[in-house]
Structure formats: structure tokens, C-alpha cells
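Working notes, structure below.
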Amino acid sequence: MTAPAWLDRAAYPFASHWAAVPGGSLHYVDEGRGAPVLMVHGTPTWSFLYRHLIAGLRDAHRCVAPDNLGFGLSDRPRGASYRLADQAARLAALVDTLGLDDVTLVVHDFGGPIGLGWALEHPERVRALVLCNTWMWSFRGDRRMQWSGRLLGGPLGRLLYERTAFSLDVLWRRALGDRTRYTAAIHAQYRAPLDPGATWAYARELLGASDWLDGLWRRRDRLAGIPALLVWGTRDPAFGAHLPRWREALPQAEVLALPDVGHAPPEERGPEVAAAVRRFIERVGAPHAGQRSPA
């Protein structure tokens, strides 16, 4: 497949790979050799979010960054399910296809429940965790998130998502704590592949996936013994206040709190986050080298 005309290869200079998963074809980056680092994005982003981490780690690690179905350069089939449980199953299929083990898992936003959903099923395959402004529980009892979920997942939310780039132009922009490096050119790389159907499906999952999310949270002890790093933008209006909950669930985790950063540390402080992740991986010890599987 050829790269789309809008793709800025100077900002995203990585070879593209595709893998067949349930529901369609998944695009992913697979750069470097060594201990695998698997990076899972949320919404309204794609693997472009992790470009700084890939560039900063690929000389010593195998960096794998997929685009969830419906996002980035992956397929967006008509009628596809974008439920979080289905996205987690597709991620599991990709991990098996690539034969990844001893994985350092990096997650952000909705990538948290998607990636951690896989990790909870296979904790023996996870070497370390890096969590950036994410969650893994239902929002039952959270009045603010309940209100947001009903609004964004309802008819008005659908209209906003399908008629405008609301999730990116409004919600995403307002959630960034530091926009000094966030240029119009960068914004265009997120806007070009934006699929309103997939992003609105995620908005519905804020409440619609509550039972599945509750199931993840009940098993959180399976992750407690895995070395973890919490990279947190404390100015995040969505998840900034959830850091204490993660610190309680992962009491041994290291914490990098970024007081001037909002929802997206990999975007707002990409090179610095890459350096911090690299130091963390070195501290917890290198697993065996992951071997590249044919794409």
C-alpha cells in the first residue's frame, strides 16, 4: 500500500506494515530490534502520537505501534465494531502474529483499557508498564463522567462527531496543557485520518463498556507485581485527577508527574517522555531480545 498524500514523512519517517486481524487490516509501525516496546493509542489519535518515543527508542528496542481499527492508516470497514473489547482482541491477534514477549507496554487514553485488557490476560508476557493519562475502570458513580458519557454518546454527541471534527478540534485541543509545540502541521496529521464513526463509538464506550471495564478493574492485582511508570500530565481535565487511584493500584510504580502538561504527555513532551521511558526500561532490566517476525 502507498502512503496517503497528506502523510508527513519528515515527522513520521517509519515504514508501514499491515496485519490481518478480526474485522480488517491493521496498520502498524515496527522499528528497531531488541526488547519489544508496544505502544497503544486512544482517541482521536493514532500511532503518530508515539513518533518521538519510536525515534528515541528504536536504536535499542523493537518499537511496535499499531493503529487501532478505524484509526490512522488502518482499515475502517463499514459496520465494524469499535467496542473496546473487540479492539483489545485485535491487539492480542497482532501481538500473537508478531510473536511479542517480555513486552514493555505503553498506553495512553483509551489505549489503557485496550492494552491493559491484553496484559491482564497475559501478565507473563509483560515486562513493564508505562501508563500515560489513562484509566481501566467503569465510571459508575462518577457524576461528571456519567454526564459526559451520556452527552457525547447520545444524539447530540453523534451530531457533533459526524458533522464536525469535535473530538479533535474541541476536546483534544482543550485537553492539551501546553500547546507551544503543537503546530497546525501536527494537528493536520491527526485530522486527516479522523473517522467520526470510530471516534463516536469510543464516546459511547465511556458508559457502554462499563461491565467490561469493571471486569478489568477487578483483576488489577494481576498487574501489581509488574514494574510500572506513571507518566502523568496533571493539567489534564479528563484524567489528571486519577493519578492517586493508579498509585494505590500500583504501589510500587515510579511516577513522573508533569505539572505543565495536559492530557497527552507523548505529544506535549515527546522527546522528554521518550528519554524517561528509556531510563525506566534500563532500570528494570532488559528482557530477552524480541525477534522480528516477517510483516
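Among the conditions (1) surrounded by fewer than 23 Cβ atoms within 10 Å (Cβ to Cβ); (2) closer than 19 Å to Gly215 by Cα, the only one that Ala55 does not satisfy is (2). When residues in the stretch 123-155 are screened for being touching a residue at least 24 places away in the same chain (Cβ under 8 Å) and either closer than 24 Å to Leu100 by Cβ or not charged (D, E, K, R) (or both), 22 of them pass. The one condition from (1) in a loop (DSSP other than H, G, I, E, B); (2) touching an Asp or Glu at 6+ places or on another chain (Cβ under 6 Å) that Ser25 does not meet is (1). Within the set Trp18, Trp6, Trp46, the sole residue that is at negative phi, surrounded by fewer than 16 Cβ atoms within 10 Å (Cβ to Cβ) and in contact (Cβ under 8 Å) with a residue 24 or more places away in the chain turns out to be Trp6. Only one of Leu194, Leu230, Leu151, Leu213 is of a type outside the set (D, E, K, R), in a helix (DSSP H, G or I) and modelled with pLDDT of 95 or more. Can you tell me which? The match here is Leu213.
Just to be sure before I move on: is Leu53 at pLDDT 95 or above and either in contact with a Leu (Cβ under 8 Å, 6 or more places away or on another chain) or of a type in the set (Asp, Glu) (or both) in the structure I sent?
Details: at pLDDT 95 or above: yes; either in contact with a Leu (Cβ under 8 Å, 6 or more places away or on another chain) or of a type in the set (Asp, Glu) (or both): no.
So Leu53 fails the test.
Taking the criterion of being surrounded by 15 or more Cβ atoms within 10 Å (Cβ to Cβ) and at positive phi, the only residue of the stretch 133-153 that qualifies is Asn133. Residue check: Leu69 meets all listed conditions (1) aliphatic (A, V, I, L, M); (2) farther than 22 Å from Pro113 by Cβ; (3) in a loop (DSSP other than H, G, I, E, B) but one, namely (2). In the stretch 272-295, is there at least one residue being at pLDDT 95 or above, buried (at least 20 other Cβ atoms within 10 Å of the Cβ) and touching an Asp or Glu at 6+ places or on another chain (Cβ under 8 Å)? No; the residues of the stretch 272-295 include none that is at pLDDT 95 or above, buried (at least 20 other Cβ atoms within 10 Å of the Cβ) and touching an Asp or Glu at 6+ places or on another chain (Cβ under 8 Å). Scanning the stretch 31-40 for residues that are surrounded by 24 or more Cβ atoms within 10 Å (Cβ to Cβ) and either of a type in the set (Val, Ile, Thr) or closer than 22 Å to Met1 by Cα (or both) yields a count of 2. You will find that of Asp59, Asp86, Asp75, the residue that is out of contact with any strand residue (DSSP E or B) (no Cβ under 8 Å at 6 or more places or on another chain), charged (D, E, K, R) and assigned to a loop (DSSP other than H, G, I, E, B) is Asp59 and no other.
Which of the residues belonging to the stretch 174-196 are crowded, with 16+ Cβ neighbours inside 10 Å and out of contact with any Gly (no Cβ under 6 Å at 6 or more places or on another chain)? Scanning the stretch 174-196 gives Asp178, Tyr182, Ile186, His187, Gln189, Tyr190, Leu194, Pro196.
When the residues of the stretch 158-171 are narrowed to those that are part of a helix (DSSP H, G or I) and within 22 Å of the chain's Cα centre (by Cα), which ends up surrounded by the most Cβ atoms within 10 Å (Cβ to Cβ)? Looking at residues that are part of a helix (DSSP H, G or I) and within 22 Å of the chain's Cα centre (by Cα), I get Tyr161.
Just one of the listed residues (Val107, Val95, Val21) is of a type in the set (Val, Ile, Thr) and within 22 Å of Glu267 (Cα to Cα), namely Val107.
Does the stretch 170-181 contain at least one residue that is hydroxyl-bearing (Ser, Thr, Tyr), on the phi < 0 side of the Ramachandran plot and modelled with pLDDT under 95? Yes, some residue in the stretch 170-181 is hydroxyl-bearing (Ser, Thr, Tyr), on the phi < 0 side of the Ramachandran plot and modelled with pLDDT under 95.
The values are calculated or read from the model by the stated rules, or taken from the named source; none is laboratory data. Note that this is a predicted model, so its numbers are computed, not measured. Because the Cβ atoms are built from the backbone with ideal geometry, glycine has one as well, and the counts that use them run over all protein chains shown.
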